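Quick notes on the structure that follows.
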Amino acid sequence: MYKFTSIQIAEAIDEYCKEKGIGKRKFHADSGISSATLTQWRNENVVPTAKLVRRLQEYTGLYIDDFMRMYGKGQEDDEAAELRQMLVDRPEAKLLFQTAKNAPASAILEAAAVLMRYKEESERN
């Protein structure tokens, strides 16, 4: 649901390490993402593989959308941004956010989309 480049992921990793006080060597050793790979991401020579994105998710404990929202500069796509704003503007949606506090943003938005379609169908009948 977020759009970001490999450069933005590398920059987000830098921000994450800075905020958490993690040195580069420790990050590379603990995450399994090499400094060479990170350099390639910075130069946009390589798009991160699903395997490396999973390693980053496992290391940080965050889904990639949430990681980039917190530490990166990725842009939420228009549809996701619109859904998120609709949910924020609706008081009945607060329960959805409270219930799914630890869920990834993509799962919350997917659930919201289903609820909105259900509501629209209910209103038509």
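Tabulated data for the structure shown
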quantity: Residues located in the stretch 1-48, provided they are farther than 16 Å from Phe67 by Cα and among the polar types (S, T, N, Q); calculated: Ser34, Ser35, Thr37, Thr39, Gln40, Asn43, Asn45
quantity: Scope the stretch 29-54; condition assigned to a helix (DSSP H, G or I), farther than 17 Å from Ile7 by Cα and not polar (S, T, N, Q); matching residues; calculated: Ala29, Asp30, Lys51, Arg54
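Every read-out reported here was derived from the displayed coordinates using simple, explicitly stated rules and does not represent laboratory data. Model, not experiment: these values are computed from the prediction.
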